[in-house]
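Colleague: Here it is: the structure, laid out below.
The values are calculated or read from the model by the stated rules, or taken from the named source; none is laboratory data. All of these numbers come straight from a predicted model, not from anything done at the bench. All Cβ positions, even for glycine, are placed from backbone atoms using ideal geometry, and neighbour counts span all protein chains on display. These accessible areas exclude ligands, DNA and RNA; they are computed on the full protein's heavy atoms, side chains included. Shrake-Rupley method; radii C 1.70, N 1.55, O 1.52, S 1.80 Å.
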Amino acid sequence: MPADLPDQGPPDIPAYAPEMWQRRISLPGTVTIGLSRAELAADQIARLAARVPTGERIGSKDDIRTICEVSVGTVNEAIKLAQERGVITSRPGPGGGIFAADPSPLSRMNGWFRAAAANSSSLPESIQIRDALAPLLVAEALAALTDTDLQALDERLADVRRTHDSGDLSGFVWAAWNVHEYFAGIGSSQLLNSLYLSIMDVGTSHLQARLDTARERVPVYLDGLARAVEDLVVALTSRDADAAVAALRRTDPTMILRPESVASAS
């Protein structure tokens, strides 16, 4: 059932208390939302660099400032950001300027995650990668799972149920995140676990962005995500790998913005 109905007033629960909609709701996503002018300019510089061969001159600092339509201070910050991402190099003096560079795979991945919240295609792309990794994630967790882990997951699942029943939107998303964060930490592969949490972070950041940009209250549908989290914990408890993979693949933080019939079909 939705947490709001169009023909009724909002229920008197924390997720719909007026003060919750007069300030930013804090969610666990940390992908940058609402990029600064320097960050937007750095993204534009990265696109310019991607269009030319490595080592080719893009232009002078003044050329870049004109293209990006920013101040001197902002272009300096943007160039610094682009250099940190490994997409350009800067050379002073005659014949100098801004040159295209070939960033390392790690720099490209970090840059992708930094821009993910502003890219409408990043969420389905990240979920597709997560789905491909799901069997490996579950296998890693089941290989290391202990009774202590199961108790910790049950405690976090109790928070999911409590915040779901009270309609605490922020608390519910955090509680669901905490289950998945603990799940990610069970396995021994730090690389796999970090990649998984980064993908989850894209989902919660997209949810945060959509809530922040909504001009009025939006209905939320908590049941589908609550069931997916519960099914994951139950599957891990029974060591049912197939069921755990299925529950993981159903998980998308933004599903709480869609009616269950649509969310389950997506």
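Colleague: If you go through the stretch 44-101 one residue at a time, how many are of a type in the set (Lys, Arg), surrounded by 15 or more Cβ atoms within 10 Å (Cβ to Cβ) and modelled with pLDDT of 90 or more?
Modeller: Initial filter on the stretch 44-101 (of a type in the set (Lys, Arg)): 47, 51, 57, 61, 65, 80, 85, 91.
Next, only the ones that are surrounded by 15 or more Cβ atoms within 10 Å (Cβ to Cβ) stay: 61, 65, 85.
Filter once more, so that each one left must be modelled with pLDDT of 90 or more: 61, 65.
Number of matching residues: 2.
Colleague: Taking the stated definitions as given, is Asp165 at pLDDT 90 or above, crowded, with 17+ Cβ neighbours inside 10 Å and of a type in the set (Asp, Glu)?
Modeller: When the stated conditions are applied, Asp165 does not pass them.
Colleague: Checking the structure you have, find out if any residue of the stretch 110-119 is buried (at least 19 other Cβ atoms within 10 Å of the Cβ) and modelled with pLDDT of 85 or more.
Modeller: Scanning the stretch 110-119 turns up no residue that is buried (at least 19 other Cβ atoms within 10 Å of the Cβ) and modelled with pLDDT of 85 or more.
Colleague: Could you run through the stretch 131-161 and say how many residues are under 15 Å from Gly185 (Cβ atoms), crowded, with 16+ Cβ neighbours inside 10 Å and among the aliphatic types (A, V, I, L, M)?
Modeller: The total comes to 7.
Colleague: Go through the residues of the stretch 179-189 one by one and say whether even a single one is in contact with a Ser or Thr (Cβ under 6 Å, 6 or more places away or on another chain) and on the phi < 0 side of the Ramachandran plot. Reasoning before the result, please.
Modeller: Residues of the stretch 179-189 that are in contact with a Ser or Thr (Cβ under 6 Å, 6 or more places away or on another chain), as a first pass: none.
No, the stretch 179-189 has no match at all.
Colleague: Suppose we keep only residues that are among the hydrophobic types (A, V, I, L, M, F, W, C) and exposed (fewer than 14 other Cβ atoms within 10 Å of the Cβ) within the stretch 180-217. Which one would you say is farthest from Ala241 (Cα to Cα)? Break it down stepwise before answering.
Modeller: As a first pass, look at the stretch 180-217 and keep what is among the hydrophobic types (A, V, I, L, M, F, W, C): 183-184, 186, 191-192, 195, 197, 199-200, 202, 207, 209, 211, 214.
Those still in the list that are exposed (fewer than 14 other Cβ atoms within 10 Å of the Cβ) too: 191, 214.
Details: Leu191: 21, Ala214: 38 Å.
Checking each candidate, the answer is Ala214.
Colleague: Could you please find all residues in the stretch 80-104 being of a type in the set (Val, Ile, Thr) and either under 14 Å from Arg47 (Cβ atoms) or touching a Gly at 6+ places or on another chain (Cβ under 7 Å) (or both)?
Modeller: Looking only at the stretch 80-104, we keep the residues that are of a type in the set (Val, Ile, Thr), and these are 87-89, 98.
If the condition is that a residue be of a type in the set (Val, Ile, Thr) and either under 14 Å from Arg47 (Cβ atoms) or touching a Gly at 6+ places or on another chain (Cβ under 7 Å) (or both), then Val87, Ile88, Ile98 are the ones that fit.
Colleague: Kindly list, by first and then second residue, each pair from a residue in the stretch 148-173 that is under 14 Å from Val233 (Cβ atoms) and touching a residue at least 40 places away in the same chain (Cβ under 8 Å) to a residue that is open to solvent by 10 Å² or more (accessible area, probe 1.4 Å) and of a type in the set (Gly, Ala, Ser), limited to pairs with Cβ atoms under 7 Å and residues at least 6 apart or on different chains.
Modeller: Final answer for the pair search is Val160/Ala226; His164/Ala226.
Colleague: To continue, here is another question. Residue by residue through the stretch 218-247, note down the ones that are touching a residue at least 24 places away in the same chain (Cβ under 8 Å), open to solvent by 20 Å² or more (accessible area, probe 1.4 Å) and over 17 Å from Glu181 (Cα atoms).
Modeller: Val218, Pro219, Tyr221, Asp223, Arg239, Ala241
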